[in-house]
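To start, the structure itself, in structure tokens.
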Amino acid sequence: MTRRQRSSRMALLLIVALLVAPVFSGCATAGALDVSSVTSGKAKNVILLIADGMGPSQFAAAWFYSNRVLGKNLRMTEVMNVGNTAYLVNDTADAMVTESAATAGQIATGQRMKTGTISMAADGRTPVQTIMEVAKSGGLATGLVTTSGITDATPAAFAAHVPHRSDEMSVAEQELKFGVDVLMGGRKQFFLPEVSAGKRKDGRNLLDEARAAGYTVVGDAEELKAAQGAKILGLFNMGNMAYEIDRVATMEPSLAEMTAKTLAFLSRNPKGFFAMIEGGRIDHAAHLNDAAGTILDTLAFDEAVGVALEFAGKNPDTLLIVTADHETAGMALIGNSKNSKGYVGMDLAAIQKAKASFEVIAGELGKNPTPQKIQQVVKEYLGIQITDDEAKTVANDTIRKLDPANYGYPYLHTLAFVLRPYLRIGWASQTHTASPLYAFGMGPGSERIKGLLHNTQLFEIMKTAME
Ligand SMILES: [Zn+2]
């Protein structure tokens, strides 16, 4: 037997031992395979990962970048390969093209809703029970995590009921009143009174109230690492958390770090848990038509999927679902450069040169930038030398003037249009689209994720698996 044969024989024996041990010991400790719960089709834990704004093109752009620049496949493909995949449509009670409040609400409750409402029936005022309320009533631990605001529409739809998503003061109150065990994200401003630089007009300091209710309140990546106790409230930015491309790692944890902490925290509950984890800023970067920002936030989401995948591997009584709420901005991977004679596709080297998000670039451009200023900012932050004519086109903001309802952000779409032959990424709008989405998952209940699903059906799939 060669050394290689010996080591592979050892590895095989180890795998067999790991598979057999919990069955014969009769005690399924954390990390061991709980065979009985798998065969009975019941999920002890449900992890729902939502990539806000990730349609097929956002996925494809991240897939190319991951394979060709980083030299590794997306973790999302691992979930697809071991589990099941469906196409997902998301139309609401009132619209074909929709937004995060209604779509998250539809996933959370199983009912069609009106756009803008947070987990209300189609009448806009009757609260509907959410999957997280079902989980809590069954004694499960609960968690909500996002890189956007924790009071933003997607997390809100699981723990709150308000007539309009803009009422984030009420969402903050309701999330704490619900007693969500782990809350992490941005928009601390809705927890603080105006005297403390917050946005609360009622003078309440919800951070103090949270501490009194048993939460450990943390504000940066280091504090999160050290956090202990019964419940965590992690608020890492007064506004949204930073785009991945702008993030300072000591200040704000990554989505993967927040996910790891959340799963470690919630899995202490012997009855199990429900967690919703959102990559919230894929959507925002796509709204700004920011190619590098969109790709890097999708990759950050993918790392969080990797953390959840590893947890599910050690805890096979976990239903893991990965999906999106809607596609943003009609992203398209287009074919030609300025002088290409055949298809070339994305310029990954050019995309890698980006140093900051389009949010930072918009701030640098300011109001009424001159063509010279535009050239200088694009060169500095994107590493691309655009021509005088191209800079003038951006300064005129021509395309936005033709269709202001679909292009809301000054200069950025015209800039993205000018960058098309450089990056080979195009955008159909700066709003959402009705593009079909992916839903994929593994674990008990995931066998129902196949064919074409409406996003309301995810509620039933999760509920049935949990019961
Ligand atoms: Zn959006």
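The values are calculated or read from the model by the stated rules, or taken from the named source; none is laboratory data. Since we're looking at a predicted model, the values are computed, not measured. Positions of Cβ are backbone-derived with ideal geometry, glycine not excepted, and every protein chain shown enters the neighbour counts. The accessibility values were calculated without ligands, DNA or RNA, using every heavy atom of the protein model including side chains. Shrake-Rupley method; radii C 1.70, N 1.55, O 1.52, S 1.80 Å.
For region 246-273, taking the residues that are under 15 Å from the mean Cα position of the chain (by Cα) and open to solvent by 10 Å² or more (accessible area, probe 1.4 Å), the one that is farthest from the ligand (Cβ to nearest atom) is identified as A260. For region 400-432, filtering for residues that are open to solvent by 30 Å² or more (accessible area, probe 1.4 Å), within 16 Å of the ligand (Cβ to nearest atom) and among the hydroxyl-bearing types (S, T, Y) leaves 2. Give me the pairs: first residue in region 423-446 and of a type in the set (F, W, Y), second residue open to solvent by less than 10 Å² (accessible area, probe 1.4 Å) and in a loop (DSSP other than H, G, I, E, B), beta-carbon distance under 9 Å, and six or more apart or on different chains, which are they? Partner pairs satisfying both residue conditions: W427/N289; W427/A329; Y438/M54; Y438/G55; F440/I449.
Is one or more of the residues making up region 347-363 of a type in the set (F, W, Y) and surrounded by fewer than 21 Cβ atoms within 10 Å (Cβ to Cβ)? So far as region 347-363 goes, no, none of its residues is of a type in the set (F, W, Y) and surrounded by fewer than 21 Cβ atoms within 10 Å (Cβ to Cβ). Taken over region 35-63, the criterion of being assigned to a loop (DSSP other than H, G, I, E, B), modelled with pLDDT under 95 and open to solvent by 40 Å² or more (accessible area, probe 1.4 Å) is satisfied by S40, K42. You will find that of V305, V322, the residue that is away from the ligand (no atom under 16 Å from the Cβ) and not in a strand (DSSP E or B) is V305 and no other. Filtering region 64-94 to residues that are free of Cβ contacts under 8 Å to residues at least 60 places away in the same chain and part of a helix (DSSP H, G or I) leaves N67, T77, N81.
The residue pairs whose first member lies in region 284-304 and is closer than 17 Å to L423 by Cα and acidic (D, E), whose second member is crowded, with 24+ Cβ neighbours inside 10 Å and at pLDDT 95 or above, and whose beta carbons are closer than 9 Å, counting only pairs six or more residues apart or on different chains, are D290/Y243; D290/S357; D290/F358; D290/L412; D290/A416.
For (1) modelled with pLDDT under 95; (2) under 30 Å from M76 (Cα atoms); (3) touching a Gly at 6+ places or on another chain (Cβ under 7 Å), each residue gets a yes or a no:
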| residue | (1), (2), (3) |
| --- | --- |
| L365 | no, no, no |
| N368 | no, no, no |
| L382 | no, yes, no |
| A391 | no, no, no |
| I399 | yes, no, no |
| L419 | no, yes, no |
| I425 | no, yes, no |
| S429 | no, yes, yes |
| Y438 | no, yes, no |
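Residues that are of a type in the set (A, V, I, L, M, F, W, C) and within 21 Å of the chain's Cα centre (by Cα) were ranked within region 114-134; the one that is nearest to V171 (Cα to Cα) is I118. Can you find a residue in region 259-276 that is more than 19 Å from T142 (Cβ to Cβ), small (G, A, S) and in contact (Cβ under 8 Å) with a residue 12 or more places away in the chain? No; the residues of region 259-276 include none that is more than 19 Å from T142 (Cβ to Cβ), small (G, A, S) and in contact (Cβ under 8 Å) with a residue 12 or more places away in the chain. Only one of the numbered conditions (1) open to solvent by 10 Å² or more (accessible area, probe 1.4 Å); (2) more than 16 Å from the ligand (Cβ to nearest atom) is violated by M276, and that is (1). Of the helices (runs of 4 or more DSSP H) entirely within region 95-182, those holding at least 2 residues that are within 16 Å of the ligand (Cβ to nearest atom), of a type in the set (A, V, I, L, M) and buried (at least 24 other Cβ atoms within 10 Å of the Cβ) occupy 100-109, 153-159.
Note on region 183-233: among residues that are of a type in the set (A, V, I, L, M, F, W, C) and farther than 24 Å from E257 by Cα, the one that is most open to solvent (accessible area, probe 1.4 Å) is V195. Among the residues of region 64-94, those identified as surrounded by fewer than 19 Cβ atoms within 10 Å (Cβ to Cβ) and farther than 27 Å from G143 by Cα are F64, N67, R68, V69, L70, G71, K72, N73, A93, D94.
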